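The values are calculated or read from the model by the stated rules, or taken from the named source; none is laboratory data. The model shown is predicted, which means the values in this text are computed figures rather than measured ones. So basically every Cβ, Gly included, is an ideal-geometry build from the backbone, and we count neighbours across all protein chains shown.
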Amino acid sequence: SEGVTVAELAEALDVPANDIIKRLFLLGSPLTMTQSMSNDLVELVADDLGRQIKIITPEEENSFTFYDDPEDLKPRPPVVTVMGHVDHGKTSLLDAIRHTGIAAHEAGGITQHIGASQVEINGRQITFVDTPGHEAFTAMRARGAKITDVVVLVVAADDGVMPQTVEAINHSKAAGVPIVVAVNKCDKPDANPDRVRQELVEYGVIPEEWGGSNMFVNVSAKTHQGIDDLLETILLQADVLELKANPDTFASGYIIEAKLDRGRGPVATVLVNRGTLHVGDALVAGTSFGRVRAMIDQHGEHKTAAVPSDAFEILGLDSVPTAGDEFRVFEDDRDAKKLADERALKARIEEQNKVKHVTLETLFSEM
Ligand code: GDP
Ligand code: MG
């Protein structure tokens with residue numbers, strides 16, 4: 001059936017399988033190498049071997065929800081993802097937006113790529129999260145998590161709706177995230193922004209001026225026409241959502257991007273969606289553990305605290321987490337370390353199960 005086999009547990013714990021078989025026998029559960037064990041039995045045997053294991057089912061992990069008193073909730077800035085067909089101008093648009101933001105900021109420094117950027121317009125903040133593909137988005141949606149509050153759908157006015165445009169619409173709708181349409185490349189002589197509007201109607205993305213619920217803005221990432229308008233429209237959309245979070249608690253959120261840096265070790269960009277993250281906090285992200293050694297924003301400036309909707313790079317993790325991983329700060333760093341260890345072990349066991357399943361499924365599917 002489903003559980004971990006004796007052989008797999010032996011491998012995961014790095015002990016001889018015979019040791020486990022012996023202990024199972026003494027526990028009154030004689031099993032052979034290839035037989036699977038119940039989770040309770042796994043925990044019992046591990047305990048017997050002086051190892052602490054708690055098998056956390058996905059249900060148990062997901063059942064852990066944070067509760068906030070409504071009066072602790074404070075307004076927070078929107079988190080936005082730019083999506084759209086290849087070459088329709090996602091990167092150019094983000095550059096134009098960053099330029100606007102930096103100009104308004106007077107900082108003028110070199111913007112580093114950290115997978116997210118925060119801009120300010122009319123004294124209000126917007127956090128843009130880069131989508132390295134749609135996978136992270138889908139993975140996070142599958143976990144019931146909503147990483148973005150608003151999707152900006154970029155459609156080139158000289159090209160119209162294309163396959164990845166439709167894909168982005170489907171992702172957004174499935175995640176229940178509102179779409180603001182940026183009709184891009186309006187500087188081009190063959191631009192036809194009205195045709196884009198007509199084409200999108202077919203996919204249920206209908207302009208407000210036609211009685212629908214989607215806000216549209218004509219822009220040019222090249223000339224910067226309409227960029228301010230787009231940012232203001234995003235804020236209007238955010239106002240409708242009344243975004244709030246409790247900043248006065250231990251931080252949690254998502255890993256947006258992560259890599260191993262030669263000099264700095266594991267570097268991860270975190271997006272805080274609850275609480276405040278401080279330098280020195282003990283956190284777990286997937287199977288990674290660490291104390292936040294430093295927090296750095298997209299301008300390379302060091303930060304001491306990250307509040308909801310902030311996205312900063314953090315240093316201090318013991319390994320590289322996966323984009324899309326949830327992160328959580330623990331009051332006691334021993335609890336954080338324990339959870340990371342449990343997850344690492346569980347991941348190893350799952351990895352081994354996967355090998356087994358693939359073989360079986362391949363076998364059966366070919367019959
Ligand atoms: P992405 O694949 O969606 O990230 O698209 P890019 O930002 O890389 O843009 C694809 C191409 O379209 C590049 O050659 C850009 O210079 C060009 N481009 C992007 N936005 C505009 C625009 O507003 N006007 C014009 N004329 N060209 C644009
Ligand atoms: Mg691009």
Test A336 against the criterion of being in contact (Cβ under 8 Å) with a residue 24 or more places away in the chain and either closer than 23 Å to Y67 by Cα or in contact with a strand residue (DSSP E or B) (Cβ under 8 Å, 6 or more places away or on another chain) (or both), and give yes or no. yes
Under 7 Å between Cβ atoms, at least 6 apart or on separate chains: pull out the pairs that start in segment 137-163 with a residue that is among the hydroxyl-bearing types (S, T, Y) and end on any residue that is modelled with pLDDT of 60 or more and part of a loop (DSSP other than H, G, I, E, B). T148/V177
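Table: residues versus (1) in a strand (DSSP E or B); (2) touching a residue at least 60 places away in the same chain (Cβ under 8 Å); (3) closer than 22 Å to F327 by Cβ; (4) within 16 Å of ligand 1 (Cβ to nearest atom).
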| site | (1), (2), (3), (4) |
| --- | --- |
| A221 | no, yes, no, yes |
| D228 | no, yes, no, yes |
| V240 | no, yes, no, no |
| E257 | yes, yes, yes, no |
| L271 | yes, yes, yes, no |
| V284 | yes, no, yes, no |
Do the conditions hold for H171, that is, is it closer than 20 Å to L271 by Cβ, within 16 Å of ligand 2 (Cβ to nearest atom), at pLDDT below 90 and buried (at least 16 other Cβ atoms within 10 Å of the Cβ)? no
T322: passes all of (1) free of Cβ contacts under 8 Å to residues at least 60 places away in the same chain; (2) surrounded by fewer than 17 Cβ atoms within 10 Å (Cβ to Cβ); (3) within 15 Å of the chain's Cα centre (by Cα) but (1)
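Here is a yes/no grid of residues against (1) basic (K, R); (2) at pLDDT below 95; (3) buried (at least 18 other Cβ atoms within 10 Å of the Cβ):
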{"residue": "D228", "(1), (2), (3)": "no, no, no"}
{"residue": "A238", "(1), (2), (3)": "no, no, yes"}
{"residue": "V284", "(1), (2), (3)": "no, yes, yes"}
{"residue": "A294", "(1), (2), (3)": "no, no, no"}
Taking segment 43-74 on its own, how many of its residues are at pLDDT 85 or above and surrounded by 15 or more Cβ atoms within 10 Å (Cβ to Cβ)? 2
So in segment 186-218, with the set limited to residues that are in a helix (DSSP H, G or I) and within 15 Å of ligand 1 (Cβ to nearest atom), which one is surrounded by the most Cβ atoms within 10 Å (Cβ to Cβ)? V196
If I go through segment 10-29 residue by residue, how many of them are at pLDDT below 85 and either polar (S, T, N, Q) or not in a loop (DSSP other than H, G, I, E, B) (or both)? 5
